[in-house]
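Okay, so here's the structure we're looking at.
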Amino acid sequence: MILRFRWLVPLLVISLSLFVLLTIEPAGQAAAQQPTGSVPTVTGTPTGTFIVVTHGADPQINVRSGPSSFFYPVIGVLLWNQQVPALGRSPGGDWIQIAYPGVPGDVGWVYSPLVRIGPPGATLPIVEPPPTPTPITTPTIDPTLAAAFPVQSTPTRLPTFTPPGPLAIPTYETEMPARSPVPMGLVIALLAMIGGFGTIISFLRGR
């Protein structure tokens, strides 16, 4: 009889083991629970003097290696409303030097009309601008390559100047009429007198 129910003993042991594993919470599971309290977070708000990007026309502004848009290249960008520590300003006050990790010197420059300095009343020291970068290579012309493609210039004939001939000015000869020995006025007066006498004679004969 005992031999017939011997297989029940292992079955009971297995059943009890499963019951214990399912009802008792492991210690490792309790350690993995998330904390219910507040967890402090690290913020990027700078301390001391800082600048805030206020230019809203574009979503970002350029950060340059020096205080000029022509002589210094762009080394990064700042987003709108982003705050970064301010280190100084250019002698004219048009550019502000900021802390910008990851670039040579860990500093950059931004255009002052695009940002606001904080806190209110803060002042920045004057910082001399860095030297302008020089090009790594100077472009040169290979003389061998230049000799392979000679440039032939077409001679241009200059206009020649021919002086004009002498200017001929025409001359006109005027002949004065020959003067008569009897004055013309005297002739007219005599004719008038003859006409007057004729008129008088005709009048008298008519009477």
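The values are calculated or read from the model by the stated rules, or taken from the named source; none is laboratory data. Everything quoted here is computed from the prediction, not taken from an experiment. When we count neighbours, we look across all protein chains shown, and the Cβ atoms used for this are built from the backbone with ideal geometry, even at glycine.
Within the stretch 129-146, the set of residues being polar (S, T, N, Q), closer than 30 Å to V110 by Cβ and at pLDDT below 70 comprises T137 only.
Within the stretch 37-46, is even one residue in contact with a Pro (Cβ under 7 Å, 6 or more places away or on another chain), at negative phi, surrounded by 10 or more Cβ atoms within 10 Å (Cβ to Cβ) and modelled with pLDDT under 60? Taking every residue of the stretch 37-46 in turn, at least one turns out to be in contact with a Pro (Cβ under 7 Å, 6 or more places away or on another chain), at negative phi, surrounded by 10 or more Cβ atoms within 10 Å (Cβ to Cβ) and modelled with pLDDT under 60. Could you tell me whether P163 is at pLDDT 80 or above, surrounded by 10 or more Cβ atoms within 10 Å (Cβ to Cβ), part of a loop (DSSP other than H, G, I, E, B) and not aromatic (F, W, Y)? Here the answer is no, as P163 does not meet what is asked.
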